[in-house]
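The values are calculated or read from the model by the stated rules, or taken from the named source; none is laboratory data. This structure is a prediction, so every number in the text was calculated from the model and none was measured. Here the Cβ positions follow ideal geometry from the backbone for every residue, glycine too, while neighbour counts run over all protein chains shown.
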Amino acid sequence: MLTEITCKAASCPTGKARARFTDAGGLYLEVSPNESKRWFWKYRFDGKEKRLSLGNYPAVKLKDVRIARDDARKLLTQGTDPAQKRQLDKATSRVSSANTYEKVAREFLTVKKKEWSEVHSAKWIRLQESNLFPRLGSLPLTEITAPLLLDALRRVEARGIIQTAHYLRQYAGQVFRYGIATGRCVNDPAHALRGALQAVIVKHMGAVLEPKQAGELLRAIEAYHGHPTTREALILSALLFQRPGNIRQMEWTWIDFDSAMLTIPSKDMKRTKQSKISGRPHLVPLAPQAIACLKRIHPLSGHGRYVFPSLLTGERPMSDNTVNTALRRMGYDNTEMTAHGFRAMARTILGEHLDTDGDVIEAQLAHGKSGPLGNAYDRTTYMAQRRKMMIEWADYLDTLRIGAKVIPLRA
C-alpha cells in the first residue's frame, strides 16, 4: 500500500525506462526518468488487460485517485469499459463545445451575411454579444430551455428596452431553427416564449396630420432664418415626402431638370441586400415648386456631390439630425413633428383630404407591396398618376401656406 510519503519520495532508478509503485486493487504510480509521476489503474475487460490513466501526481493526491479507481471499478461491474466511456465523454464534450449558442449563432450569421444588409448584420450580432452571449453563449443549444432563455430576456426587459427584448427573442429563434436544420438541437425554446414578454407600446413619430396645422408648419418653414440649405431641405421634405436619409443624402447626379425627375439608386433605398442589388431605382417626379427649390440651392452646393452637404465638410451629406434640430428651433417638439413626419403628413392628407388613390401614394412612398409574392409579379409604377399627384400636392401645399385659395383676377 502506498502512502503520501512514499509517493512523494518515489523516483526512477538510473538506467530504467520507468518505475512502478503498486497500491491496492490494480492502482499504481508510474515514475519516468524525468521524475514525472502518473497514476494508472490496471483492469481486465472482455478478457483483455487494459489500463486507465487517472492523472498526475501530486496534482491528484493518493486519496483522490483511490476514489477515481473505485468509480471506474463501478462502471466495470456494470459492464462498461471505463476507457471507452472516457473517450465517449470527450467526444461528446467536443461536439457540445462546437454546438454552443454563440458558435452556432456566429455560423448562422456567416450564412445570412450574403443576403442581409451590413446595418442589419451589425445590429444582429451587436445585440447578441451584449445580451445573450454573456449568459447563454457557452451553453450547448440542447441545454438551453425556454425558462433559461426567458431569464436572459427578462434582464433586458428590466432595463426598459422592451423592443430589444423582442428583437432578441426573434434572433434567438433564428439560431435555434438553424440548429434544428443542421442537427444541433431538436427544439426551439424561443417559439415557446411567444406572448411571454411585455408588449411593445408603439409610439408613432410626431407628425402634423391636419391641413390647418400643415399650413402653419409651412409658414414657419418659410419664415425660418437658419442656414439656407436647411430651409430648402425642410421645403423639399414636405414636397417630396421621401425618407429623411434619401433627402439629406441626395446627390446632384440623381436630378434631371429636363425631365423633372429625381432618381434614387436602388442601393440607396431602404431595401433588403438582394433588392438593393437587383431592384429598380426609385423615381420621384418633381413638381415645378421642387424644381425651383433645387435651382435655389444649386448656386450654394451645385459644385459638389451632395445637394445638402455638411456645413463642416462638403465631402459628407447633411447630418441626420439637422432637419429635426431646425424643427425644434421652430417650436415643434418630437411629439408634434419630425423629419420622418413629413411622410405621414403627406400620406394622411393626400388620402383623407385630396382623395388620392392609396396605391399611388404607397408607390411614391416606396413602400413594398404586401402579400407573399410582394413585388415579384406586381411591378406597377403608376408613374403618370404619381406625376399628376406630386404636382397637385405641391399646389395644395402652396394653398395651405398662403392660408386661402388664391383666385387670379382679370385686368
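Residues LEU312, LEU327, LEU300, LEU294: which one is without any contact (Cβ under 8 Å) to a residue 12 or more places away in the chain and more than 21 Å from TYR382 (Cβ to Cβ)?
LEU312
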(request) Would you please list the contacts, defined by Cβ atoms under 9 Å and residues six or more apart or on different chains, that run from a residue in the stretch 273-286 that is in the same structural domain as GLN385 (by TED's automatic domain parsing) to a residue that is of a type in the set (Asp, Glu) and loosely packed, with under 15 Cβ neighbours inside 10 Å? (result) LYS273/GLU115; LYS273/GLU118; GLN274/GLU115; LEU286/ASP256
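Considering each of LEU52, LEU62 in turn, give the residue that is surrounded by 17 or more Cβ atoms within 10 Å (Cβ to Cβ) and in contact with a strand residue (DSSP E or B) (Cβ under 6 Å, 6 or more places away or on another chain). Working first, answer last.
Values: LEU62 fails: in contact with a strand residue (DSSP E or B) (Cβ under 6 Å, 6 or more places away or on another chain).
That would be LEU52, the only listed residue that is surrounded by 17 or more Cβ atoms within 10 Å (Cβ to Cβ) and in contact with a strand residue (DSSP E or B) (Cβ under 6 Å, 6 or more places away or on another chain).
Restricting attention to the stretch 271-283, does a residue exist that is part of a helix (DSSP H, G or I) and closer than 20 Å to VAL208 by Cβ?
Going through the stretch 271-283, the residues part of a helix (DSSP H, G or I) turn out to be 273-278.
Filter again for closer than 20 Å to VAL208 by Cβ, leaving none.
Checked the stretch 271-283: no residue is part of a helix (DSSP H, G or I) and closer than 20 Å to VAL208 by Cβ.
Can you name every residue in the stretch 4-19 that is closer than 19 Å to ASN34 by Cβ and either exposed (fewer than 13 other Cβ atoms within 10 Å of the Cβ) or among the hydroxyl-bearing types (Ser, Thr, Tyr) (or both)? Show your work before the answer.
Taking the stretch 4-19 and keeping what is closer than 19 Å to ASN34 by Cβ, we get 7-19.
LYS8, ALA9, SER11, PRO13, THR14, GLY15, LYS16, ALA17, ARG18 - these are the residues of the stretch 4-19 that are closer than 19 Å to ASN34 by Cβ and either exposed (fewer than 13 other Cβ atoms within 10 Å of the Cβ) or among the hydroxyl-bearing types (Ser, Thr, Tyr) (or both).
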(request) Would you kindly identify the helices (runs of 4 or more DSSP H) lying entirely within the stretch 82-164 that contain at least 3 residues that are under 15 Å from the mean Cα position of the chain (by Cα) and closer than 30 Å to GLY279 by Cα? (result) 101-112, 118-127
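Yes/no per residue for (1) more than 28 Å from ASP320 (Cα to Cα); (2) at pLDDT 90 or above:
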| position | (1), (2) |
| --- | --- |
| THR338 | no, yes |
| GLY341 | no, yes |
| LEU350 | no, yes |
| ASP355 | yes, yes |
| GLY358 | yes, yes |
| ILE361 | no, yes |
| GLY368 | no, no |
| GLY371 | yes, no |
(request) Could you list all residues from the stretch 263-309 that are at pLDDT below 90 and either among the hydrophobic types (A, V, I, L, M, F, W, C) or closer than 23 Å to ASP395 by Cα (or both)? (result) MET269, ILE277
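Give ALA220, ALA233, ALA292 a once-over and let me know the one that is in contact with a helix residue (DSSP H, G or I) (Cβ under 6 Å, 6 or more places away or on another chain), farther than 25 Å from GLU118 by Cα and either among the aliphatic types (A, V, I, L, M) or surrounded by 15 or more Cβ atoms within 10 Å (Cβ to Cβ) (or both).
On the way: ALA220 fails: in contact with a helix residue (DSSP H, G or I) (Cβ under 6 Å, 6 or more places away or on another chain); ALA292 fails: in contact with a helix residue (DSSP H, G or I) (Cβ under 6 Å, 6 or more places away or on another chain).
None of the other options fit; the residue is ALA233.
Being more than 19 Å from GLY226 (Cβ to Cβ) and either of a type outside the set (Ser, Thr, Tyr) or not in a helix (DSSP H, G or I) (or both) narrows it down to one residue among ASP333, ASP258; which is it?
On the way: ASP333 fails: more than 19 Å from GLY226 (Cβ to Cβ).
On inspection, the qualifying residue turns out to be ASP258.
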